[in-house]
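Student: Handing you a structure now.
The values are calculated or read from the model by the stated rules, or taken from the named source; none is laboratory data. A quick note: this is a predicted structure, and the numbers were derived from the prediction, not measured. Positions of Cβ are generated from backbone atoms using ideal geometry, with glycine treated the same way; all protein chains shown enter the neighbour counts. All accessible areas refer to the heavy atoms of the entire protein, side chains included, with ligands and DNA or RNA removed. Shrake-Rupley method; radii C 1.70, N 1.55, O 1.52, S 1.80 Å.
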Amino acid sequence: MASVMVGRLTFTKAEREKLAEVLWLLNWISVVSGLVLVVLGLFLRVEVQRWVELMEEQAILYVPPMLISTGLAACVINFLGVRLSLDCTDLNRFLRWKLLLLPYVCSTFCFTSCILVGALTCFSIHSTLEDSLFVGLRDAMRSYKDTDTPGRCLMKKNLDLLQLHMHCCGNTDHRDWTRIQWVSTRYLDLSSRAVRERLRSNVAGQYLMDGAPFSCCSPLSPWPCIQNQLTNRLVHLGFDRVGQQQNLWSRGCRLALMEHYTGLLRSTGLTVLLVWVFELLVLTGVRYLQTAMENLLLLGDPESESDGWILENSLAQTARSNLGIIKNLGKCYQVEVDPNINTISKKNNLPIDR
């Protein structure tokens, strides 16, 4: 079967040197991009830890470590690529890198694929995050009253801080608070007949109120916050129903957190995609430089033109061939019979393919 080359190009000496210079610049840009990913990962980790107790599955917790590890790997790989791209324009220096180029290209390919997966994760986690926040906020609101229960004593503080900071109320809206008991039983006068009747008025035996916690109150309200008996028109005779959203925040905390995290994940995903583009350009350039220099070794003339390509055969054939070469790297050969090494003749300074 005839081999089918993918992306075959012919390079002159000047073009190979220009390609190396471009790769040098792209590698430095990718190093800086890796540092940006590390910073984004640290920032996202801090933001996630602020409200981590209000999530159930906490799938978003895996994103910051992924960004940090990806950024550090980008810095290491591309810093190595800076040195590699400059040395691979000279045949004598290229021989020192020849055995490492193929593993470097393969590892860069795997790393580039991981970056793409990371970017897609940032965009695809939306539905999982929404479900996690819905269940997490629902359970947190149910624990709002349990200020004396170990493990849940700080839930009231966390929810109050969330509603004050995010300008939100409840899970979907303030009416969520009317469906649960959010006042601790120790603050109820159980000797009161009205309290006992209210506790018996529903199947769950909860003390339900037509109101919401004070942290739902908006400071934009032109009147003192109305947080109790919200639907009783006889109690609040002069209450402007149209402007009720100025009294309690109308936006639910699930929507507020979704907007917050979605904005962070979207900007992070775009940044990771940009890093992926740079890494893809670097990978393509290194592959062209590798194959062009290997063919130059076979020609034996440093000034001549040489062909470079992305794939010499089909993807499966190329993978099998490269895997065989990588396996042979660890074997011990005499210099004269090593199938992986080309040497330079000291007499005429030309490369000789063993």
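Student: Please enumerate the residues belonging to region 277-305 that are outside any loop (DSSP other than H, G, I, E, B) and open to solvent by 60 Å² or more (accessible area, probe 1.4 Å).
Tutor: VAL277, LEU280, LEU281, LEU298, LEU299, listed by residue number.
Student: Further question: For a quick check of your reading of the model, give me the residue pairs whose first member lies in region 199-222 and is free of Cβ contacts under 8 Å to residues at least 12 places away in the same chain, whose second is surrounded by 15 or more Cβ atoms within 10 Å (Cβ to Cβ) and hydroxyl-bearing (Ser, Thr, Tyr), with beta-carbon atoms closer than 6 Å and at least 6 apart or on different chains.
Tutor: Going by the 6 Å Cβ cut-off, the qualifying pairs are LEU199/TYR207.
Student: Condition test on MET155, is it under 17 Å from TRP249 (Cβ atoms), open to solvent by less than 40 Å² (accessible area, probe 1.4 Å) and modelled with pLDDT of 80 or more?
Tutor: In short, no.
Student: Here is a further query. Collect the residues in region 78-117 that are under 14 Å from LEU283 (Cα atoms), under 19 Å from the mean Cα position of the chain (by Cα) and among the hydrophobic types (A, V, I, L, M, F, W, C), keeping them in residue-number order.
Tutor: Those that are under 14 Å from LEU283 (Cα atoms), under 19 Å from the mean Cα position of the chain (by Cα) and among the hydrophobic types (A, V, I, L, M, F, W, C): PHE109, CYS110, PHE111, CYS114, ILE115, LEU116.
Student: I've got another one for you. Please go through region 143-194 and give me each residue that is small (Gly, Ala, Ser) and assigned to a helix (DSSP H, G or I), ordered by number.
Tutor: ALA194, the sole residue that qualifies.
Student: Let me ask another. Which of the following residues is closer than 30 Å to MET141 by Cβ, at pLDDT 80 or above, out of contact with any helix residue (DSSP H, G or I) (no Cβ under 7 Å at 6 or more places or on another chain) and not aromatic (Phe, Trp, Tyr): ARG45, ARG50?
Tutor: None of the others qualify; the one that does is ARG50.
Student: In the set PRO65, PRO103, which member is in a helix (DSSP H, G or I), open to solvent by 10 Å² or more (accessible area, probe 1.4 Å) and within 30 Å of ARG152 (Cα to Cα)?
Tutor: From the options PRO65, PRO103, the qualifying one is PRO65.
Student: Open to solvent by less than 30 Å² (accessible area, probe 1.4 Å), modelled with pLDDT of 85 or more and of a type in the set (Ser, Thr, Tyr), is that true of SER184?
Tutor: So SER184 fails the test.
Student: Another question about this same structure. Return the pair list, or none, for Cβ contacts closer than 6 Å from residues in region 9-31 that are at pLDDT 85 or above and β-branched (Val, Ile, Thr) to residues that are open to solvent by less than 40 Å² (accessible area, probe 1.4 Å) and assigned to a helix (DSSP H, G or I), at least 6 apart or on different chains.
Tutor: VAL31/CYS75; VAL31/ASN78
Student: Which one of the conditions (1) modelled with pLDDT of 90 or more; (2) within 16 Å of CYS216 (Cβ to Cβ); (3) crowded, with 18+ Cβ neighbours inside 10 Å does GLY136 fail to meet, given that it meets all the rest?
Tutor: The failed condition is (2).
Listed here are the residues, each with its yes/no results for (1) touching a residue at least 12 places away in the same chain (Cβ under 8 Å); (2) in contact with a helix residue (DSSP H, G or I) (Cβ under 8 Å, 6 or more places away or on another chain).
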| position | (1), (2) |
| --- | --- |
| GLU57 | yes, yes |
| MET66 | yes, yes |
| ALA73 | yes, yes |
| PHE79 | yes, yes |
| ARG93 | no, yes |
| SER107 | yes, yes |
| SER113 | no, no |
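Student: What single numbered condition from (1) open to solvent by less than 20 Å² (accessible area, probe 1.4 Å); (2) part of a loop (DSSP other than H, G, I, E, B) fails to hold for THR89?
Tutor: Single failed check for THR89: (1).
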